Amino acid sequence: MFSYPDLFVICGELEFYDEQRDVILNPTVIFEVLSNSTESFDRGEKFLRYQIWNLSLQDYVLISQTSPTVEHFSRQSDGSWTYRVFQGVSASFAIKSIKCTFKLADIYERVTFPPEEQTKPAPKKKSVKAAKTKSVTQSRRKK
């Protein structure tokens, strides 16, 4: 099963899977625009496939449709990946493998997001661990 990225950059000569020339084997950077229907696959199985089968892949970039957020995974010399997230239209990020810097303001130039109140996440609940720690501390005070 082949996966097709939303956008990719190749450095050097194109390498194809077969004579149909519709599957590229040597991307340097892959960009995926996330949607509700593809986000899980783009973050999981698809990214894993790219890591295993595309040794030329140096950078994997996920672009949100719901907020000005870009996630950048970069392959290290030992094969591991680093992760950085960039948020807000004033942010920018560099992709060293292609010597390029991107401004989120340019990426999201004609995109309008809902007012901030509608996009804020719900407040986080206290963790079970924190609650247990509190009750243990309270019981020690009573003694």
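Some values worked out for this structure:
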item: Per-region count, segment 23-33, residues free of Cβ contacts under 8 Å to residues at least 60 places away in the same chain and outside any loop (DSSP other than H, G, I, E, B); result: 5
item: When residues of segment 51-64 are limited to those that are within 13 Å of the chain's Cα centre (by Cα) and not small (G, A, S), the one surrounded by the most Cβ atoms within 10 Å (Cβ to Cβ); result: Y60
item: Cross-chain or 6+ apart pairs with Cβ under 9 Å, segment 8-22 first and over 20 Å from D42 (Cβ atoms) and without any contact (Cβ under 8 Å) to a residue 40 or more places away in the chain, then charged (D, E, K, R) and assigned to a loop (DSSP other than H, G, I, E, B); result: L14/R21; F16/D22
item: Residue list for segment 1-24, filter: of a type in the set (A, V, I, L, M), exposed (fewer than 12 other Cβ atoms within 10 Å of the Cβ) and under 17 Å from Q51 (Cα atoms); result: M1
item: Scan of segment 17-34 for residues that are at pLDDT 95 or above and of a type outside the set (D, E, K, R), ordered by number; result: N26, P27, T28, V29, I30, F31, V33, L34
item: Conditions (1) hydrophobic (A, V, I, L, M, F, W, C); (2) in contact with a Phe, Trp or Tyr (Cβ under 8 Å, 6 or more places away or on another chain); (3) assigned to a loop (DSSP other than H, G, I, E, B): number failed by L55; result: (2)
item: Answer residue from segment 76-89, given it is within 13 Å of the chain's Cα centre (by Cα) and over 16 Å from G44 (Cα atoms) and is surrounded by the fewest Cβ atoms within 10 Å (Cβ to Cβ) among those; result: R84
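The values are calculated or read from the model by the stated rules, or taken from the named source; none is laboratory data. Since we're looking at a predicted model, the values are computed, not measured. Note that each Cβ is placed from the backbone with ideal geometry, even for glycine, and that neighbours are counted across all protein chains shown.
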